[in-house]
Amino acid sequence: MRPETTYKGSFFAKADSAEMGPVTVALVNNQSGKAEGRQRLRAWDEWKQFEFTLKTGALEASAQNHLELSWACGTLWLSLVSLFPPTYHDRPNGSGWI
């Protein structure tokens, strides 16, 4: 994780109930346990793609981090979870093609 950096991510998800509540997505430093970037997304009871942006603040660069998805209760099915740092010319998924 780099300081003052915007990370873009996405995933497909389906909840067992529309009343499940929000899903929290966070970029967490493994050493401190601190969430450096966090966003809440509303869960759906049908498959849907979710996109999110996480921004880090002024922090010490660390290579030991993880993406954390959490929710209060219920079942959530996930597929194709991804997270990208800034990419070449800010192209989606770092693609060299337009």
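The values are calculated or read from the model by the stated rules, or taken from the named source; none is laboratory data. Computed from a prediction, not measured in an experiment: that's the story for all the values here. Heavy atoms of the whole protein, side chains included, go into the accessibility calculation; ligands, DNA and RNA do not. Shrake-Rupley method; radii C 1.70, N 1.55, O 1.52, S 1.80 Å.
Observations, loosely collected:
- Under 19 Å from the Cα of Lys48 - lysines, other chains or at least 8 residues apart: Lys8, Lys14
- Size estimate for the chain follows the Kirkwood approach: the inverse of mean 1/r over distinct Cα pairs works out to 14.4 Å.
- Heavy atoms of the protein chains alone define the surface here; on that basis the chain has 65 Å² accessible area per residue at 1.4 Å probe size.
- Note: relative contact order over the chain, using C-alpha pairs below 8 Å and six or more positions apart, is 41 percent.
- Each eigenvalue of the Cα gyration tensor of segment 32-83, multiplied by 5 and square-rooted, gives one semi-axis; in descending order these are 25, 12, 11 Å.
- Sequence-distant aspartates and glutamates (8 or more away, or on other chains) whose Cα lies within less than 20 Å of Lys34: Glu4, Glu60, Glu68
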